[in-house]
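Reviewing the structure listed below.
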Amino acid sequence: MLTVHHLNNSRSQRVLWLLEELGIKYEIRRYERDQTTNRAPADLKTIHPLGKSPVITDGDKTIAETGAIIEYILDNHSDGRFVPEKGSEEYDNYRHFMHYAEGSAMLPFLLALYTSYLGEAAAPLNPIIMREIKSQLDYMEYHLIRNEYIAGDELTGADFMVIFPLEAAKTRGRLKGYDACKDYVEKIHKRPAYLKALSKGGDYAFGPDN
């Protein structure tokens with residue numbers, strides 16, 4: 001059976017949401033962040049050398065990195081759901097946003113987080129980071145104004161990726177003026193499968209009403 005090695009308050013919440021949408025049977029093995037460092041526990045390194053979450057095991061296979069996990073589940077357990085028809089514009093968008101979410105989109109948000117620990121030393125970088133955050137939010141807003149979901153009018157695997165940077169932005173008050181992004185996050189948060197995954201996953205700082 002597929003097992004999700006789930007770290008509380010982490011990106012692995014997206015994997016639980018996908019599995020609930022697909023109605024797949026799975027197990028959760030829980031890990032808790034260190035209360036002092038907020039880092040993943042050393043136990044995760046026994047599953048994968050990077051010691052990070054999400055990571056899944058499926059039989060004798062171990063898959064790490066959210067995008068790779070979502071692609072693996074869609075390739076092997078979805079019966080074609082959440083993958084647009086190849087050759088379509090939606091498929092091109094799907095492939096793009098699958099990689100965009102943890103590439104271009106997340107980088108400035110992570111930089112903002114890490115430099116926040118530096119105090120005044122981060123001042124020279126802050127304007128550059130804020131411009132890049134605005135650029136990414138402008139880009140996602142552009143797509144979501146025109147589409148029901150990030151790749152088109154149907155939910156796809158890309159939505160399970162893009163939701164996290166937008167949740168992070170919303171939690172930090174960065175979606176003011178981005179009505180399409182805000183509406184999109186709220187729409188996802190109302191999906192029954194999302195709420196079921198949230199009830200199973202536990203503590204998650206980026207969920208509804210945060």
Given a Förster distance of 25 angstrom, what is the FRET efficiency for Y142 paired with L118, based on the Cβ-Cβ distance and rounded to 0.05?
-> 0.20
Once the in-chain neighbours fewer than 8 apart are removed, the lysines whose Cα is under 30 Å from K61 read K25, K45, K52, K86, K196, K200
Which net charge results when you count Lys and Arg as +1 and Asp and Glu as -1 among the other residues whose beta-carbon is under 13 Å from that of I69?
-> -1
For region 135-203, max minus min Cα coordinate along each principal axis, in Å, sorted largest first?
-> 34, 27, 16
Extension length gain for S104 and D60 (0.36 nm per residue less Cα distance), in nm, is 12.6 nm
How high is the relative contact order of region 132-182, in percent, with contacts defined as C-alpha pairs under 8 Å that are six or more residues apart?
-> 39
What does the charge add up to near S78, with Lys and Arg as +1, Asp and Glu as -1, over the other residues with Cβ less than 12 Å from its Cβ?
-> -3
Report, in order of residue number, the helices in the chain meeting two criteria: a C-alpha extent of 18 Å or more along the helix axis, and a mean Kyte-Doolittle hydropathy of at least -1.0; treat each whole DSSP H run as one helix.
-> 126-146, 157-171
Counting Lys and Arg as +1 and Asp and Glu as -1 over every other residue whose Cβ sits under 11 Å from the Cβ of L19, the net charge comes to +1
For region 69-149, which trypsin sites (Lys or Arg not before Pro) are in a loop by DSSP, counting at most 14 other Cβ atoms within 10 Å?
-> K86
Taking the alpha-carbon centroid of each part, what is the distance from region 184-210 to region 34-53 in angstrom?
-> 24
More than 14 angstrom apart: percent of Cα pairs within region 35-96 | 65
On full extension of the chain, what length is gained from Y72 through N126, given 0.36 nm per residue of separation minus the C-alpha to C-alpha distance?
-> 15.8 nm
Most fluctuating of P108, P49, P41 in the GNM of the chain (C-alpha, under 10 Å) is P49
Would you kindly give the portion of the calculated P(r) for region 89-190 that falls above 22 Å, as a percent of all Cα pairs?
-> 29
Any number yet on Rg/Rh for the chain, C-alpha, Kirkwood?
-> 0.96
Would you work out the relative contact order for region 89-190, in percent, from Cα pairs under 8 angstrom that are 6 or more residues apart?
-> 35
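Computed from the coordinates by the stated procedures, all read-outs in this text should not be read as laboratory data. This one's a predicted model, so the numbers in the text were calculated from it and none came from an experiment. Reconstructed Cβ throughout: ideal geometry from the backbone, glycine too, with neighbour counts over all protein chains shown.
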